[in-house]
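The values are calculated or read from the model by the stated rules, or taken from the named source; none is laboratory data. If you're wondering where the values come from, they're calculated on a predicted model, not measured in any experiment. Cβ sites come from the backbone with ideal geometry, for glycine too, and all protein chains shown count toward neighbours. In case anyone asks, the SASA skips ligands and DNA or RNA and just uses the protein heavy atoms, side chains included. Shrake-Rupley method; radii C 1.70, N 1.55, O 1.52, S 1.80 Å.
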Amino acid sequence: MTPPEYEYLRKFLRDHSGLDLSADKQYLIESRLLPLARKVGLSGIGELVQKLQAGSGALITSVVEAMTTNETFFFRDKVPFDHFRETIMPEVLKARAARRSVRIWCAAGSTGQEPYSLAMSLKEMGAALTGWRVEIIATDLSQEVLEKSKAGIYSQFEVQRGLPIQLLVKYFKQTGETWQINPELRAMIQHRQLNLLHDFSQLGTFDVIFCRNVLIYFDQETKINIFNRLARQVEGDGFLVLGAAETVVGLTDTFRPIPERRGLYKPNDARSAVATKPAIAAAPPRSAAMAGLRA
């Protein structure tokens, strides 16, 4: 790959997905895109760049998806799910007692482990949610991973990562060497393809937004823009959950951290005055939140 080709791909990925690669990540692009180029019958990265410059829509989608990995597992990092059970849901149940409904957005739903972990957590609350309307919206940049999430089928390796055995037995059915989550939990998740760089106001407002391990790969201006727009989508007494390496501190006043609750934030009262920046004008309007990328 020549330096001009690398710079073109860096800009292409930043514009289409928000991924902000540093100057020393050429090896990463080569490892992800050379197999793709060969798969579609191209000689290498140079010919792939030429096709992208010519505006090949299908190839644009394939390149973006090849560069976004979907490293995820059930109850990943544990702490956010402890917060969900011990802090978030008790407050939501009290605040929403009159309307008896709760809306949750997983802004990087990936192959489904996070939204299904939340669904299982809600099911484990038992009678406390009887008569409540529960909506979980899972979005992602990749339609391929959303299809896997919809199917809810996981390998033995995948269900062994973070999933307690009692929940596996309770909520999954084994078929051969795979496990499928039961239809009741699958029905709790609505899947939508969505790009955080684009307008997501059509999703409506939420009581809880999980946006974990996504923004860490964006540049500062993009992070600020997305935080400010997320603030418009969360209820005034709602919650934002970020990954362990992510924070709003020093970037925006639209959210404030909750003391002694790592990764947990609430919107500030002044958020509406700050959250005015529009979505970033990016590539053709595909949709989905980017899943975490391991560099």
- Options (1) 32, 19, 17; (2) 33, 28, 14; (3) 33, 25, 15 for semi-axes √(5λ) of the Cα gyration tensor in Å; the value derived from the coordinates is listed as (3)
- May I ask for the net charge around Arg212, where only other residues with Cβ less than 10 Å from the Cβ of Arg212 are counted and Lys, Arg are +1 while Asp, Glu are -1? -2
- Message: List the lysines whose Cα sits under 17 Å from the Cα of Lys150, skipping any in the same chain fewer than 8 residues away.
- Response: Lys173
- Message: Taking the solvent-accessible surface of protein heavy atoms with a 1.4 Å probe, what is the per residue accessible area of the chain in Å²?
- Response: 44 Å²
- Note on the structure: Treating only Lys and Arg (+1) and Asp and Glu (-1) as charged, each at its beta carbon, one finds that the chain has a dipole about its Cα centre, in Debye to the nearest 20, of 620 debye
- Output the pairs from Lys123/Lys266; Lys11/Lys78; Lys78/Lys223; Lys25/Lys78 with a Cα-Cα distance over 26 Å in this structure; if there are none, say none. Lys11/Lys78; Lys25/Lys78
- Message: Using Cα springs under 10 Å in a Gaussian network model of the chain, which residue among Gln166, Gln113, Gln53 shows the largest mean-square fluctuation?
- Response: Gln166
- Phi-derived 3J(HN,Hα) across the range 75-81 with the Karplus relation (6.51, -1.76, 1.60, θ = phi - 60°), rounded Hz, x for Gly and Pro, is 6, 4, 6, 6, 3, x, 7
- Mean-square fluctuation maximum in Gaussian network of the chain, Cα pairs under 10 Å, restricted to Gly126, Gly236, Gly46, hits Gly126
- Message: Given Cβ point charges of +1 (Lys, Arg) and -1 (Asp, Glu) and nothing else, what value in debye, to the nearest 20, does the dipole of the range 1-144 about its Cα centre take?
- Response: 580 debye
- Given R₀ = 41 Å, FRET efficiency for Asp82-Asp15 by Cβ-Cβ distance, to 0.05? 0.65
- Contact order relative to length for the chain, counting C-alpha pairs under 8 Å separated by 6 or more residues, stands in percent at 22 percent
